[in-house]
Amino acid sequence: MSLKPYILAIESSCDETSAAVMHGQKVLSNIIANQTVHEKYGGVVPELASRAHQANIVPVVQQAMQEAGVATEQLQAIAFTQGPGLMGSLHVGVSFAKSMGMSLGIPLLAVNHMQAHILAHFIQDEVPSHEPAFPFLCLTVSGGHTQLVLVKSALDMLIVGETIDDAAGEAFDKAAKVLGLPYPGGPMVDKHAAMGNPNAYRFTTPRIPNFEYSFSGLKTNLLYFLREKNNEDSTFIAKEVNNICASYQRTIVDYLLKQMEAAAKHYDVMDVCLAGGVSANSELRKKFRTTADKNGWNAFIPPFSFCTDNAAMIGIAAYFKYEAKDFAPITATPMPRIEWGR
Ligand code: KG4
Ligand code: ZN
C-alpha cells in the first residue's frame, strides 16, 4: 500500500458543491457543481443553496471518485468543510461525510474553509512544485472574509489583520449590483475594469489602525457618487461603467496591498501569498506581483482553479491534518462561525 493517503474531500460551505480525491498533495479529481439557481436573486439564497447541495452531493462525489479512478475501499479518510459558511449548506457536506466515513469505517477530517484557501498553495499540480516557505504572510480575500494571516506552519496560523465590516468580495459584489451587472459581480467588475481608466474617478478608503480593513464606507461612497451623477445624467452609468469599475477596483486593490505591505514588513517575511475567490482578480494578481518584486519578496498566487471555492483545497488542508493524526469525532457539527487564529 502506498504511504500517501487517498482522501475524499467535500466542500459545501456556500453555493458550490464540490468533491475532490487527493493522493497525498496531488489532486486526482476536483469536481465543482455551481448553483445557477441564485442568479435571478442577485445573491446566494441560503435555503436554496442547501437544497441544491442535497441534490448535487451524491452525483458530484460519484463523479470525483470515477474521474480519480479510485475505489471507495482505497480511501483512508473523508474530509469535510466544518466552517465558516452557511449552516444549511455545511450540514449537507458534514452529514454526508459522516455517513460515508461510518459506512467505510474510516476516520473523518474537519477542515476550516479559510485555512484551506491558504493551504491551496501546497497542492502539487506542477512538476517541480513550488511552495511558499514558513513563515509567510497570506492575504486571503473572499466573498465573506478579508484577512492577513501569518502562516507559521500548515497547522499554526495567526490572523494579524482582518476586515471590521464587509469583505473585499462583498465590496465587489455590491458594486456590481448597484451598477446593474449580473451576479456574481466580482468577475464582471474585473471584466469591465479591463476596458476602463483606473484614474477616472476617486473613491476613498478609511484609515484603520494596525493591519485591519473596512469596506463598508467605500460601498456607500460609490452609492452616493452614482446617485449624484445619475441625477445629473440618467445615462451616466451606462456610458461610464468601464471607468467606474476600473477606478473602484483600483481603490480596493491598492487598499488591500497597502495593508499587506505594511504587515509583511512588520513581520519580516520573505514569502507572500494570495488566496480566496478575489485572488482571481486580474488587477490584484498583477499588482500583488509588482508589490512583492519591489520589496524583494517571493510572490505566490494559486492557479485560477484553486482560487474560488473547491474541494481540492479542503483535501490539501485535510492531508496535513491526516499526517498529524488530527481526526474529527463522529459528534463533529458544522460551525458557521469559527473562532480561530486570534
Ligand atoms: O472564496 P470564494 O469563492 O467564496 C467564499 O468563500 O466567499 O470567493 C467568492 C468571491 C465573490 O465575492 C466573487 O465576486 C469574488 O470572490 N471574485 C472576484 C473575482 N472572481 C471571484 N472578485 C473580483 N474579481 C474577480 N475576478
Ligand atoms: Zn471561500
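The values are calculated or read from the model by the stated rules, or taken from the named source; none is laboratory data. Being a predicted model, the structure only gives us computed values, none of them experimental. Every residue, glycine as well, gets a Cβ built from its backbone with ideal geometry; the counts of neighbours run over all protein chains shown. Just the protein is used for accessible areas: all its heavy atoms, side chains included, with ligands, DNA and RNA removed. Shrake-Rupley method; radii C 1.70, N 1.55, O 1.52, S 1.80 Å.
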Hey, any hits in region 9-20 for a residue that's open to solvent by 10 Å² or more (accessible area, probe 1.4 Å), without any contact (Cβ under 8 Å) to a residue 40 or more places away in the chain and out of contact with any Leu (no Cβ under 9 Å at 6 or more places or on another chain)?
-> no
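Out of Leu137, Leu155, which single residue is at pLDDT 95 or above, away from ligand 1 (no atom under 16 Å from the Cβ) and farther than 22 Å from Glu283 by Cβ?
Values: Leu137 fails: farther than 22 Å from Glu283 by Cβ.
Only one candidate qualifies: Leu155.
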Asp190 fails exactly one of the following numbered conditions: (1) within 15 Å of ligand 1 (Cβ to nearest atom); (2) charged (D, E, K, R); (3) closer than 22 Å to Ala275 by Cα; (4) open to solvent by 40 Å² or more (accessible area, probe 1.4 Å). What is the number of that condition?
-> (4)
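Pull up region 81-116, narrow it to residues that are of a type in the set (Ser, Thr, Tyr) and open to solvent by less than 30 Å² (accessible area, probe 1.4 Å), then point me to the one that is nearest to ligand 2 (Cβ to nearest atom).
At the first step, the residues of region 81-116 found to be of a type in the set (Ser, Thr, Tyr) are 81, 89, 95, 99, 103.
Now restrict to residues that are open to solvent by less than 30 Å² (accessible area, probe 1.4 Å): 81, 89.
Working: Thr81: 9, Ser89: 12 Å.
Per the criteria, the residue is Thr81.
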Out of (1) in contact (Cβ under 8 Å) with a residue 24 or more places away in the chain; (2) part of a helix (DSSP H, G or I); (3) farther than 19 Å from Phe136 by Cα, the one Lys287 does not meet is (3)
In region 256-297, which residue that is hydroxyl-bearing (Ser, Thr, Tyr) and within 27 Å of Ser13 (Cβ to Cβ) is surrounded by the fewest Cβ atoms within 10 Å (Cβ to Cβ)?
-> Ser282
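What are the residues in region 1-49 that are part of a strand (DSSP E or B) and of a type outside the set (A, V, I, L, M, F, W, C), if any? Steps first, answer last, please.
Of region 1-49, the ones part of a strand (DSSP E or B) are 6-11, 16-23, 26-34.
Those that are part of a strand (DSSP E or B) and of a type outside the set (A, V, I, L, M, F, W, C): Tyr6, Glu11, Glu16, Thr17, Ser18, His23, Lys26, Ser29, Asn30, Asn34.
Scan region 117-128 for residues that are touching a residue at least 40 places away in the same chain (Cβ under 8 Å), in a loop (DSSP other than H, G, I, E, B) and more than 16 Å from ligand 2 (Cβ to nearest atom) and jot them down. Lay out the reasoning, then the answer.
Residues of region 117-128 that are touching a residue at least 40 places away in the same chain (Cβ under 8 Å), as a first pass: 117-125.
From what's left, in a loop (DSSP other than H, G, I, E, B): 123-125.
Answer for region 117-128, where residues must be touching a residue at least 40 places away in the same chain (Cβ under 8 Å), in a loop (DSSP other than H, G, I, E, B) and more than 16 Å from ligand 2 (Cβ to nearest atom): Gln124, Asp125.
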